[in-house]
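*Asks:* Below: one structure in structure tokens.
The values are calculated or read from the model by the stated rules, or taken from the named source; none is laboratory data. Please read all numbers here as calculations on a predicted model, not as lab measurements. So basically every Cβ, Gly included, is an ideal-geometry build from the backbone, and we count neighbours across all protein chains shown. The accessibility values were calculated without ligands, DNA or RNA, using every heavy atom of the protein model including side chains. Shrake-Rupley method; radii C 1.70, N 1.55, O 1.52, S 1.80 Å.
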Amino acid sequence: RGMIYDRNGQVLARSVEARSVYAKPQDVEDFLVMANTLGPILGMEPQKLYDELSKTKRRFVWLKRKVDDYTAEAVRKANLAGIGLSKEYDRVYPFKHMAGQLLGFVGLDDKGLEGIERSLEARLGCIPTRQIVQRDAMGRRFYLHEEGQTEPRGQDLTLTIDTTIQSYAERILEEGIKAYDVQRGGWCIVLDPQTGAVLAMASS
């Protein structure tokens with residue numbers, strides 16, 4: 001996904017590389033060993049893992065999406081047949097919850113579900129592309145087309161929001177709601193009087 005910046009170039013949202021754990025049940029050599037080894041790594045009940053994979057007829061099963069680096073490395077070192085890691089992307093918001101209702105969020109499949117992430121999905125989301133690849137005897141990929149060597153990505157977006165003003169607006173709004181015992185919540189919008197640009201938009 002494309003990055004989201006404030007008016008001063010501060011990063012409000014970006015995507016970082018992550019790993020997800022999957023299984024190809026038909027390639028698992030010993031379901032019991034796999035479950036007892038992988039269960040503690042993923043924080044899953046070994047018996048549940050064993051039952052799910054040994055009885056399924058599916059050829060591909062997600063076990064855990066977007067795990068941390070420590071977990072991914074533990075899975076890699078376990079080197080279990082039929083268990084693999086897939087590269088995905090996780091959405092990160094450096095300012096945590098600030099402007100959260102404005103920015104919104106994305107789901108596990110990296111699609112915008114709320115806020116700007118959803119309303120500008122067509123711009124921020126990457127456009128799927130078809131890549132033709134071949135593999136050598138070691139399973140390594142090599143591309144038949146030059147454009148396949150770079151991954152598609154969405155467009156970056158710069159907002160008129162100013163993170164400093166946004167932070168103040170959220171704090172002052174919260175203080176006002178508490179001071180006047182507001183029951184239904186409130187809004188605070190800060191505009192540039194010269195241009196009408198929205199410098200901050202807070203709600204509670």
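*Asks:* How much accessible surface area, in Å² rounded to 10, belongs to the heavy atoms of Asp192 with a 1.4 Å probe?
*Replies:* Probe radius 1.4 Å; accessible area of Asp192 about 40 Å².
*Asks:* May I pose another question? Among Leu108, Val28, Ala202, which residue has its Cα positioned farthest towards the positive end of the charge dipole of the chain, with +1 placed on the Cβ of Lys and Arg, -1 on the Cβ of Asp and Glu, and the dipole taken about the Cα centre?
*Replies:* With unit charges placed on the Cβ atoms, the residue in question is Val28.
*Asks:* To continue, here is another question. Which ³J(HN,Hα) values in Hz, rounded to whole numbers, follow from the phi angles of the range 191-204 under the Karplus curve 6.51 cos²θ - 1.76 cosθ + 1.60, where θ = phi - 60° and Gly and Pro get x?
*Replies:* 10, 7, x, 7, 10, x, 5, 7, 8, 7, 9, 10, 9, 8
*Asks:* Once label points are set 7 Å from the Cα along Cα→Cβ at both Ala122 and Val33, what is their separation, rounded to one decimal in nm?
*Replies:* Here the answer is 5.3 nm between the modelled labels.
*Asks:* Out of all DSSP beta bridges with both ends in the chain, state the antiparallel percent to the nearest 5. Write down the numbers at each step before the final one.
*Replies:* On the way: 26 of 28 bridges.
Among the beta bridges of the chain, antiparallel pairing accounts for roughly 95 percent.
*Asks:* In this model, which of Lys66/Lys87; Lys96/Lys178; Lys48/Lys87; Lys24/Lys55; Lys55/Lys77; Lys48/Lys77 are farther than 19 Å apart at the alpha-carbon?
*Replies:* Working: Lys66/Lys87 9 Å; Lys96/Lys178 22 Å; Lys48/Lys87 25 Å; Lys24/Lys55 12 Å; Lys55/Lys77 26 Å; Lys48/Lys77 22 Å.
Beyond 19 Å: Lys96/Lys178; Lys48/Lys87; Lys55/Lys77; Lys48/Lys77.
*Asks:* How much of the accessible area of the chain, in percent, comes from carbon and sulfur atoms when a 1.4 Å probe is used? Can you show the working numbers first?
*Replies:* Numbers: 6830 of 13420 Å².
Carbon-and-sulfur percentage of accessible area, whole number: 51.
*Asks:* So what is the relative contact order of the chain, in percent, for Cα pairs below 8 Å that sit 6 or more residues apart? Display every interim value, and only then the final one.
*Replies:* On the way: 349 pairs, mean separation 46.9, N = 204.
So the answer I get is 23 percent.
*Asks:* By how many degrees, between 0 and 90 and to the nearest 10, does the Cα long axis of helix 69-78 differ from the longest principal axis of the chain?
*Replies:* Once rounded, the angle reads 0 degrees.
*Asks:* Using a 1.4 Å probe, how large is the accessible area of Ser54, given in Å² and rounded to the nearest 10?
*Replies:* 40
*Asks:* Per residue, what accessible area does the chain have, given a 1.4 Å probe and all protein chains present, in Å²? The partial results should precede the final answer.
*Replies:* Working: 13420 Å² over 204 residues.
So the chain comes to 66 Å² accessible per residue, rounded to a whole number.
*Asks:* How much accessible surface area, in Å² rounded to 10, belongs to the heavy atoms of Thr71 with a 1.4 Å probe?
*Replies:* Near enough 20 Å² of accessible area.
*Asks:* A further question follows. By the scheme Lys and Arg +1, Asp and Glu -1, what is the net charge of all other residues having a beta-carbon under 15 Å from that of Tyr50? Walk me through the intermediate numbers first.
*Replies:* Numbers: positive: Lys48, Lys55; negative: Glu29, Asp30, Glu45, Asp51, Glu52.
Overall, the nearby charge balance is -3.
*Asks:* If exposed chymotrypsin sites (Phe, Trp or Tyr not before Pro) are those in a DSSP loop with at most 15 other Cβ within 10 Å, what is the longest stretch of the chain that has none? Walk me through the intermediate numbers first.
*Replies:* On the way: sites that count: Phe60, Tyr180.
Looking at the chain, 61-179 is the longest stretch - no exposed chymotrypsin sites (Phe, Trp or Tyr not before Pro) with at most 15 other Cβ atoms within 10 Å.
*Asks:* Applying 1/(1 + (r/R0)^6) with R0 = 41 Å to the Cβ-Cβ distance of Asp181 and Asn8, what FRET efficiency is obtained, to the nearest 0.05?
*Replies:* Once the sixth-power term is evaluated, E becomes 0.70.
*Asks:* Then there's this: With every protein chain kept in the model, how would you rank Ile4, Ile189, Ile165 by accessible area, 1.4 Å probe, largest at the top? Working shown, then result.
*Replies:* Details: Ile4 0, Ile189 90, Ile165 55 Å².
Heavy-atom accessible area, descending, gives Ile189, Ile165, Ile4.
*Asks:* Report the local net charge at Val75: Lys and Arg +1, Asp and Glu -1, summed over other residues whose C-beta lies under 12 Å from its C-beta.
*Replies:* Values: positive: Arg19, Lys64, Arg76, Lys77; negative: Asp68, Asp69, Glu73.
Around Val75, the charge tally is +1.
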